[in-house]
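Structure, as structure tokens:
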Amino acid sequence: MKAIDDETIKTFIECQLADWPLARQNYDALSKVKRRQISIGNYTCGMQYNPARIVSTGAEVSKEALQKRCCFLCRDNRPKEQAIFPILDDWEMLVNPYPIFPVHLTIASSRHVPQSHVPDDIVAVAERLPGMAVFYNGAKAGASAPDHLHLQAVLKDELPLLREVEKLHPESSDGLMSSLQLSDMFPFMFFSGVVAPDQAGASTLLAGLMLGGLSGDGKFTDPSLVNVFFWIGDGGKLRFISVPRRAHRPECYNAEGDANRMVSPGCIDMAGVIITPREIDFMKLDSCEVSKIYSDVAITI
């Protein structure tokens with residue numbers, strides 16, 4: 001299918017903001033969010049104080065809670081103002097009303113099926129959205145709607161991890177590499193893939209889609225514990241990053257008193273932009289705490 005150009009996406013977002021007061025309010029607020037940088041050794045992360053993201057960060061995702069609420073990604077339950085951009089068969093592109101960046105899209109399955117594994121269609125979605133990173137939060141790795149299969153997309157240049165990986169794993173080096181092969185700068189382990197249009201590339205892609213988080217026996221077999229990014233590189237090849245996870249939320253999320261930090265890492269946080277819906281966390285988080293958050297939820301060597 002034909003790629004969707006930047007101007008079409010921009011027009012889609014602008015039309016939604018003109019018709020949808022809640023979305024317009026939250027996108028306008030992005031110009032006022034506080035940002036700062038924090039370094040973990042040689043790796044630099046961004047941090048964003050974004051109160052609107054409390055909806056996602058504070059989401060109750062237990063089985064009981066999900067059964068009690070209406071699914072906000074099902075078409076019948078969406079706000080009447082939320083328009084649909086058909087992107088693929090069985091997938092609907094939507095403007096995310098609680099954005100982290102000025103371009104923030106949700107790509108939801110038209111069927112109410114669970115967030116059980118990385119969908120094969122993520123590749124076709126990435127090919128339709130050049131210049132954007134299409135990502136998947138596993139059901140126990142940051143998804144605020146684990147009961148409804150969905151992807152998200154933002155401009156790839158917004159994500160520090162992707163920028164670093166593009167430098168260290170050039171498109172001329174097809175195949176799958178671990179972060180340990182790329183550099184010792186990263187605070188957690190992940191896998192980077194560059195997919196060529198041949199049989200070797202197909203094997204790399206299959207390996208990437210099958211990567212999951214740590215199961216109870218320490219093997220990478222749990223598809224609900226993974227964050228995955230797909231995008232088209234500047235040279236036209238398909239790229240991906242897969243981050244195996246060990247936990248949904250860090251210890252500080254449920255800590256008492258001054259030790260409590262409302263940080264619930266999903267793909268954006270793992271890609272180097274820590275989202276804090278409370279200003280106190282934005283002000284107090286330091287490099288040691290951020291490193292501990294990453295080590296709690298991801299795999300460190």
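For region 197-211, the set of residues classified as in contact with an Asp or Glu (Cβ under 8 Å, 6 or more places away or on another chain) and surrounded by 14 or more Cβ atoms within 10 Å (Cβ to Cβ) consists of Gly201, Thr204, Leu209, listed by residue number. Taking each residue of region 4-26 that is on the phi < 0 side of the Ramachandran plot and looking for partners that are open to solvent by 70 Å² or more (accessible area, probe 1.4 Å) with beta-carbon atoms closer than 7 Å, six or more apart or interchain, yields Leu17/Arg24. On the stretch given as region 79-104, residues that are surrounded by fewer than 18 Cβ atoms within 10 Å (Cβ to Cβ), without any contact (Cβ under 8 Å) to a residue 24 or more places away in the chain and under 18 Å from Leu22 (Cβ atoms) total 2. The residue of region 244-286 that is farthest from the chain's Cα centre (by Cα), among those that are farther than 18 Å from Arg53 by Cα and not in a helix (DSSP H, G or I), is Glu256.
In region 161-196, the residue that is modelled with the highest pLDDT out of those that are over 23 Å from Ile293 (Cα atoms) and open to solvent by less than 30 Å² (accessible area, probe 1.4 Å) is His169. When region 1-28 is limited to residues that are open to solvent by 30 Å² or more (accessible area, probe 1.4 Å) and of a type in the set (A, V, I, L, M), the one that is modelled with the lowest pLDDT turns out to be Met1.
Residues in region 123-155 that are in a helix (DSSP H, G or I) and open to solvent by less than 10 Å² (accessible area, probe 1.4 Å) were compared, and the one that is farthest from Val113 (Cα to Cα) is Ala126.
The values are calculated or read from the model by the stated rules, or taken from the named source; none is laboratory data. In this text, all values refer to a predicted model and were calculated from it rather than measured experimentally. Using ideal geometry, Cβ is built from the backbone for each residue, glycine included, and neighbour counts are taken over all protein chains shown. For the accessible areas, the whole protein counts, side chains as well, though only heavy atoms, and no ligand, DNA or RNA atoms are used. Shrake-Rupley method; radii C 1.70, N 1.55, O 1.52, S 1.80 Å.
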